[in-house]
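Have a look at the structure below, then the notes.
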Amino acid sequence: MAAVEVHKFAQCITCHAWSRDRSMLAFCPNNNEVHIYALLQGKWEKLHVLQKHDQIVSGIDWSARSNKIVTASHDRNSYVWNLEGSEWVPTLVILRLNRAALCVRWSPRENKFAVGSGAKTVCICYYEQENNWWVSKLIRKRHDSSVTSVAWHPNNILLATASTDGKCRIFSTFIKVVDAKESRTGPSADSKFGEQILQLDLSFTWSFGVRWSPSGNTLAYVGHNSMIYFVDDVGPSPLAQNVAFRDLPLRDVLFLSERLVIGVGFDGNPMVFAADERGIWSFIKFLGERKTTSSGPKYGSQFSEAFGKLYGQPKQGFNNDTNEHSRSRGGVHENCINCIVPLGDPGSSKVKRFSTSGLDGKIVVWDMENQEDLAGYL
């Protein structure tokens, strides 16, 4: 088992985020507040309670460079919080939503952030100095259901989204007053704001967490059908794989390196996926694994050529008969894990520590430093 730190803060936690130096922690205890704790003399002490939202806070992200916190809520609002002296002061964000805001994420350069919503839209927000507020441009008429997760490409332009319509999409978010022309490379070079670069129809169930690899060459997202999808060479003819497992579905995903991914979800135990030298992904183990006997193959991987709307057609398939992992229920988390946050430096190609939070009210810090069996993937 990976070395862990376990902190019980509430009965239930919907989302969390860390300051850059990891000395402060912000989370929502399943209500309309955001609690900020600091590690003082070896103990976590509550310093601030951010109270501006009227309903559950569904998303939090803490910018590493500018030290700003952005929050999104079911009340259809979002706020950017700035630390002025000893107080966190909210700045209004004009979202123009008629349904709940479900997720939020700062862009790599922290000059924009994206908000996914139940209104089938994504808001790309940027700051207007003259009015002292954050305004948004909306990506409309592309999603057929709620946007559950957003992920920024390292180039600060491409944005991946996952939706309960079962699809993963990639959009251009180029805004002339914010982004430099030289930042547009690859498939987004000539694209306009809101233009759909790619639509992935790999899943026929709700899609949740989505994330780019550190280089931006690989995209991963998860479905409610107990499958995780990997897409390489994002463009007109991407190459897609899926890995199926018999455990409960995942909710979020994180790349630790180009070849190592952590998935978390309803099973309450982080799952490790890795790519071999051929680039074929497979399930490796549970981080809190307790091995028992297994009666047959439990995990499989399928390889497919993805293009147009014909995604998911099998190109090559095999079963991972060696991955016959099984374990008794229970572990560090006692309920669904709904959030995973990297604890490495922003822009780093490798992440060796990360944190998870869930419906059990715990925030757990996982250390991969001494995972000898995974050293070749990190």
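Side notes on the structure shown:
- Gain on full stretching of the segment that runs from Lys141 to Asp54 - 0.36 nm per residue minus C-alpha separation: 28.6 nm
- Counted by Cβ distance under 11 Å from Trp106, the other residues give a net charge of +3, where Lys and Arg count +1 and Asp and Glu count -1.
- Order by protection proxy (mean Cβ within 10 Å, highest first), peptides 40-50, 348-358: 348-358, 40-50
- Low-density loop cleavage sites - chymotrypsin sites (Phe, Trp or Tyr not before Pro) in region 87-123, where at most 13 other Cβ are within 10 Å (DSSP): none
- Using the Cβ-Cβ distance between Ala180 and Asn370 with R0 = 41 Å, the FRET efficiency computed as 1/(1 + (r/R0)^6) comes to roughly 0.45.
- Percent carbon-and-sulfur accessible area, region 51-131, ignoring ligands, DNA and RNA, probe 1.4 Å: 40
- Taking all protein chains into account, the per residue accessible area for the chain stands at 43 Å² (1.4 Å probe).
- Applying 0.36 nm per residue to the separation of Arg20 and Asp190 and subtracting their alpha-carbon distance, the gain on full extension is 57.8 nm.
- When Leu92, Leu97 are compared by accessible surface with a 1.4 Å probe, the order from highest to lowest is Leu92, Leu97.
- In Å, descending, principal axis extents of the Cα set of region 1-144: 49, 35, 29
- Between region 231-253 and region 150-174, the alpha-carbon center distance in angstrom: 14
- Entries in Lys137/Lys176; Lys112/Lys352; Lys112/Lys176 that, when Cα-Cα distance is taken, lie over 20 Å: Lys112/Lys352
- P(r) histogram, all alpha-carbon pairs of region 127-179 included - 10 Å bins from 0, percent: 20, 46, 27, 6, 0
- Sites Ile94 and Ala38, calculated FRET efficiency, Cβ-Cβ separation with R0 35 Å, nearest 0.05: 0.65
- A cut-off under 10 angstrom between Cβ atoms defines the neighbours of Gly118, and their net charge, with Lys, Arg +1 and Asp, Glu -1, is +3.
- Added length on full extension, which subtracts the Cα-Cα distance from 0.36 nm per residue, Ala3 to Ser349: 122.4 nm
The values are calculated or read from the model by the stated rules, or taken from the named source; none is laboratory data. Only a predicted model underlies this, so the values are computations on that prediction, with no experimental measurement involved. Reconstructed Cβ throughout: ideal geometry from the backbone, glycine too, with neighbour counts over all protein chains shown. Surface areas here come from the heavy atoms of the whole protein model, side chains and all, with no ligands, DNA or RNA. Shrake-Rupley method; radii C 1.70, N 1.55, O 1.52, S 1.80 Å.
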